[in-house]
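Read-outs throughout are calculated quantities, based only on the coordinates presented, and are distinct from any laboratory measurement. Keep in mind the model is a prediction, meaning the values are calculated, not measured.
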Amino acid sequence: MNDKKSGKLQALVIVFMILLLVTAFVLFFLGHYMIGFILFGIFMLVLNAISNWTKIKNEEYVYLKNHKNNEYW
């Protein structure tokens, strides 16, 4: 994926996550506990997916850097 699409996707995901979190808290404090809890659960799932993807991407980067450095020897 090129950088322009990646940047737009990241911005969209950040806005989506902020909206989910704010909406969940507002609904929770208005008394709609079940809907707020479900939205907060969706927020946590998205956050977990992003953190796992970042972890995998970082592990690949470290592996490739180590592999490239070991080729010189």
Between helix 33-71 and the chain: long-axis angle, C-alpha atoms, 0 to 90°, nearest 10
10 degrees
Subtracting the Cα-Cα distance of Val46 and Met17 from 0.36 nm times their residue separation yields 9.7 nm
Could you state the angle between the C-alpha long axis of helix 3-30 and the longest principal axis of the C-alpha atoms of the chain, as a value from 0 to 90 degrees rounded to the nearest 10?
30 degrees
What 222 nm value per residue comes from the helices of the chain, counting each DSSP H run with n ≥ 4 as -39,500 (n - 2.57) and dividing by all residues, nearest 500 deg cm²/dmol?
-33500 deg cm²/dmol
Length-normalised contact order of the chain, Cα under 8 Å, at least 6 apart, in percent, tallies to 20 percent
Name the residue, out of Val22, Val62, Val13, whose mean-square fluctuation peaks in a Gaussian network model built on the chain with Cα pairs under 10 Å.
Val62
Taking 0.36 nm per residue of separation and subtracting the Cα-Cα distance, what length does fully extending Leu30 through Trp53 add?
4.9 nm
